[in-house]
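Bear in mind these aren't lab numbers, they're just calculated from the coordinates by the rules spelled out. Predicted model only: the values in this text are computed from it and were never measured. Positions of Cβ are generated from backbone atoms using ideal geometry, with glycine treated the same way; all protein chains shown enter the neighbour counts.
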Amino acid sequence: MLARVRARIARRRRESVFDRPAGGRPARAGATRGPPAASLRAMDDPATVPTALAQAGPRTLAVTWADGHQSAYDVRALRLACACAHCIDEWTGAPQLEPARVPEDVRPVRIQSVGRYAIQIAWSDGHESGIYPFRRLRALCPCPACRAAASADGPA
Ligand SMILES: [Zn+2]
Ligand SMILES: [Zn+2]
């Protein structure tokens, strides 16, 4: 009987990360309506949980992370970083995407969340199969602090 109740709880709609209030810090359990912080599992490293995502200019996508970090991505750089099977050879890992064929003014036309782990971006050049896991997105953060940390860790 207890097991059945647990199963029902687990089946509840999972909250999209985009529904969380911007800048929401891991709150005390029960401090806010709904399950958010309390239901974060151990695998949800705040460094890889976006709390807000916004177009911050024609060429910039801004992401705020649960650990308070803010990333500002050049949207074309994100497009070029696409790791889908069309852009990266699945077997060899060789880039299949020619940067010269990506328009200078490429921009996201639609951004959707994929489960609790990634976003999918549809681009103005018609490409829409690219999925950016949060972990990878965070690793792509172009700010000097993250670049320094990435080079200290070696290539991603
Ligand atoms: Zn791609
Ligand atoms: Zn950063």
key: Placed amide H near Gln55: partners under 5 Å, 5+ positions off or other chain   = Ala62
query = When Arg76, Arg110 are ordered from fewest to most other Cβ atoms inside 10 Å of their Cβ, what list results?
reply = Arg110, Arg76
request  = Name the long-range amide H neighbours of Arg107: under 5 Å, sequence gap of 5 or more, or other chain; modelled H, no Pro or chain starts.
outcome  = Ser124, Asp125
query = Non-local amide H neighbours of Val49 (under 5 Å, H modeled in plane, Pro and chain starts lacking H): which ones?
reply = Ala66, Asp67
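Order 94-107, 116-129 from most to least packed using the mean count of other Cβ atoms within 10 Å.
116-129, 94-107
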